[in-house]
Amino acid sequence: MKNLSSAQSARLSVSNSSLQTARQIINSMVVGKGFGLKTESQQDMLNMLALHLLQADNPQQNIAPSYKRRKAVVDKVKEYVTTNPQKTITITELCELAFVSRRTLQYSFESILGINPLRFLRLTRLNNVRRELKKLNQDKPISVIAANWGFWHAGQFAKDYTQLFGENPSQTVKNSAQQFEPPCSTNP
């Protein structure tokens, strides 16, 4: 028998009345303890019910977007974010860019990257802040750099940054400065 997964098979939609009837029959079998029928007969009834649902008139098949399509959506968004690093980007804007609904955008990101699009945008901005903090001779205050990347709440920014990178922003600046300092000479 062929292994069917939800990614390979279409979803079947049946009318509410057919679904309600199926629920009533199953409920009656559970509450009525199978109407006193043998187990094989109960199984036959359930199989007939399933066949009836599968053969319903005009079933609507909703096929999930393919991996290739979801990946194309994510790649298009990633490219846009990369080419517009300082732009404040909204989810609505990304949906319009990729010609998809919010739900499709969400599913695409979750299935390809394992995170939602909002988290992707936040992580991208945090990484951009980190790159800027690590620049040699960087003299802007951390709060200004964070604000330039859309982080208006200093406390939340510091918490998110520390959680992602394992150090606070000022430690990143300090470590970067030490990395580029020439070693002290000990000439007598």
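The values are calculated or read from the model by the stated rules, or taken from the named source; none is laboratory data. Nothing here was measured: the structure is a model prediction, and the numbers come from that model. Positions of Cβ are generated from backbone atoms using ideal geometry, with glycine treated the same way; all protein chains shown enter the neighbour counts. Remember, those area values only see protein heavy atoms, side chains included, never the ligands or the DNA or RNA. Shrake-Rupley method; radii C 1.70, N 1.55, O 1.52, S 1.80 Å.
With each label modelled as a point 7 angstrom along the Cα→C-beta vector, the residue 20-residue 147 pair spans 5.9 nm.
In sequence order, the stretch 111-126 has phi-based couplings of 7, 8, 9, x, 9, 7, x, 5, 5, 4, 4, 5, 5, 4, 5, 4 Hz under the Karplus curve 6.51 cos²θ - 1.76 cosθ + 1.60, θ = phi - 60°, and Gly or Pro positions carry x. Protein-only accessible surface at a 1.4 angstrom probe places the residues 139, 160, 75 in the order 139, 75, 160, largest first. Within the full protein context, the accessible area of residue 26 is estimated at about 80 Å² for a probe radius of 1.4 Å. Note on residue 164: accessible area approximately 70 square angstrom, rounded to 10, probe 1.4 Å, nucleic acids and ligands left out. A probe of 1.4 angstrom, applied to the heavy atoms of all protein chains, finds residue 102 with accessible area near 140 square angstrom. For the stretch 80-188, the relative contact order works out to 20 percent when only alpha carbon pairs closer than 8 Å and six or more residues apart are counted. Here the gap between residue 110 and residue 164, fully extended at 0.36 nm per residue and compared with their Cα-Cα distance, gives a gain of 17.6 nm.
Largest first, the residues 161, 80 sort by 1.4 Å accessible area into 80, 161. So if each residue of separation counts as 0.36 nm, and I subtract the Cα-Cα distance between residue 49 and residue 78, what length gain in nm does that give? Value of the extension gain: 5.8 nm.
Quick one: grab the alpha carbon gyration tensor of the stretch 60-137, order the square roots of its eigenvalues as a ≥ b ≥ c, and give me rounded if a/c is under 1.5, else prolate or oblate depending on whether a/b is larger than b/c. In terms of gyration-tensor shape, prolate.
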